[in-house]
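**Student:** Let me give you the structure first, and then I'll get to my questions.
The values are calculated or read from the model by the stated rules, or taken from the named source; none is laboratory data. Keep in mind it's a predicted model, so treat the numbers as computed, not measured. Every residue, glycine as well, gets a Cβ built from its backbone with ideal geometry; the counts of neighbours run over all protein chains shown. Side chains are part of the model used for accessible areas, which takes the heavy atoms of the whole protein and leaves out ligands, DNA and RNA. Shrake-Rupley method; radii C 1.70, N 1.55, O 1.52, S 1.80 Å.
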2 protein chains.
Amino acid sequence: MILMTARYFIKDGARDQVLADLIEMKQEMIRSEPGCVSYQVWESQEHPNQFLLCEVYIDEPAADAHRRTPHFERIIAGRVVPQLEKREREFFNLLVE
Amino acid sequence: MILMTARYFIKDGARDQVLADLIEMKQEMIRSEPGCVSYQVWESQEHPNQFLLCEVYIDEPAADAHRRTPHFERIIAGRVVPQLEKREREFFNLLVE
């Protein structure tokens, strides 16, 4: 299994809209991405405008396919990214489940 | 729910021992920490000597209690921490499950 973390640094005032967009994204993924094992959004206790997305995929192809979906283009690339100062992505392999 | 992430920067040559210690830690937690929802260990694809622990707890008290358990003292504080260059912990609140 593959974990992709994405840390979002959200522009001031955009937190609630980004959250709404990610809730919509989650619904789309449940419908059309069987390769996604879990998709969670967490908010840093120390940094209120920072979200940590933890996305687990069954394998590398499923993680790659995620970023080529229409809903990724429409919601993440189209609506969320313009509301971010920046984002940091990292990939991990599972050792202990 | 609370997510605690711990990024471990492992000393050269200590990776396999740290992994063995964390597998033992996981067994102890399954036996005695009902407040722990999940405990996963991931290895960074970009940085081989870096592990990311993702620990989900039902609430803050369960996360606090974890660090006062005998097995945390014995395994993490006693055996793992001396094998690390450093570690970074962060806490998050759940927004989207």
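**Student:** When you look at the Cβ of every residue in B:18-28, what mean number of other chain Cβ atoms sits within 10 Å?
**Tutor:** Values: counts 1, 2, 0, 0, 2, 2, 0, 1, 2, 0, 0.
Taking the mean over all residues of the peptide, I get 1.
**Student:** In whole angstrom, and with the biggest value first, how far do the Cα coordinates of chain A range along each principal axis?
**Tutor:** For chain A, the Cα spread along each principal axis is 35, 30, 18 Å.
**Student:** In whole percent, what relative contact order does region B:2-89 give with Cα contacts below 8 Å and a gap of six or more residues?
**Tutor:** On the way: 127 pairs, mean separation 41.9, N = 88.
Value for region B:2-89: 48 percent.
**Student:** Could I ask something else about it? Which of the trypsin sites (Lys or Arg not before Pro) across region B:35-96 are loop residues per DSSP, with 10 or fewer other Cβ within 10 Å?
**Tutor:** Of the trypsin sites (Lys or Arg not before Pro), the ones in loops of region B:35-96 whose Cβ has at most 10 other Cβ atoms within 10 Å are B:ARG68.
**Student:** Can you give the mean number of other chain Cβ atoms that lie within 10 Å of the Cβ atoms in peptide B:87-97?
**Tutor:** Numbers: counts 0, 0, 0, 8, 4, 12, 4, 4, 12, 13, 6.
Mean partner-chain Cβ count within 10 Å for B:87-97: 6.
**Student:** Could you tell me the accessible area of A:TYR39 in Å² (1.4 Å probe, neighbours in place), rounded to the nearest ten?
**Tutor:** Here the accessible area works out near 10 Å².
**Student:** Residue by residue through region B:18-32, which ³J(HN,Hα) values in whole Hz follow from phi under the Karplus form 6.51 cos²θ - 1.76 cosθ + 1.60 (θ = phi - 60°), with glycine and proline marked x?
**Tutor:** Using θ = phi - 60°, the values come out as 4, 4, 4, 5, 6, 5, 5, 4, 4, 4, 4, 5, 4, 6, 10 Hz.
**Student:** Give me the percent of the accessible area of chain B that comes from carbon and sulfur atoms, probe 1.4 Å, all protein chains in place. Write out the running numbers ahead of the final one.
**Tutor:** On the way: 2370 of 4640 Å².
Percent of accessible area from carbon and sulfur atoms in chain B: 51.
**Student:** Starting from 0 in steps of 5 Å, tell me what percent of the Cα-Cα pairs of the protein assembly as shown lands in each bin.
**Tutor:** The calculated distribution, bin by bin, is 1, 7, 15, 19, 18, 17, 11, 7, 4, 0.
**Student:** Suppose only helical runs count, i.e. DSSP H with n ≥ 4. What mean residue ellipticity at 222 nm does that imply for chain A under -39500 (n - 2.57) per run, divided by all residues and rounded to the nearest 500 deg cm²/dmol? Numbers along the way, then the final one.
**Tutor:** Working: 2 runs with 25 residues, N = 97.
Rounded to the nearest 500, the figure is -8000 deg cm²/dmol.
**Student:** Keeping all protein chains in position, work out how much accessible area A:ILE58 exposes to a 1.4 Å probe, and write it in Å² to the nearest 10.
**Tutor:** Using a 1.4 Å probe on the heavy atoms, I get roughly 90 Å².
**Student:** Where does each of B:SER38, A:SER44 land when they are ordered by accessible area, with a 1.4 Å probe and the largest first? Display every interim value, and only then the final one.
**Tutor:** Working: B:SER38 40, A:SER44 5 Å².
Solvent-accessible surface, decreasing: B:SER38, A:SER44.
**Student:** With a probe of 1.4 Å, find how much accessible area chain A has per residue, and write the answer as a whole number in Å². Display every interim value, and only then the final one.
**Tutor:** Working: 4620 Å² over 97 residues.
I get 48 Å² per residue for this part.
**Student:** Further, regarding this structure: Mind grabbing the accessible area of B:VAL81 for me, 1.4 Å probe, Å², rounded to tens?
**Tutor:** For B:VAL81, solvent-accessible area is about 50 Å².
**Student:** Sorted by accessible area with a 1.4 angstrom probe, largest first, how do A:LEU22, B:LEU95 fall? Walk me through the numbers before you get to the answer.
**Tutor:** Details: A:LEU22 0, B:LEU95 55 Å².
Result, largest first: B:LEU95, A:LEU22.
**Student:** Place a point 7 Å from the Cα of B:ARG74 along the Cα-to-Cβ direction; which residues of region B:1-39 have their backbone N under 18 Å from it?
**Tutor:** B:18-34
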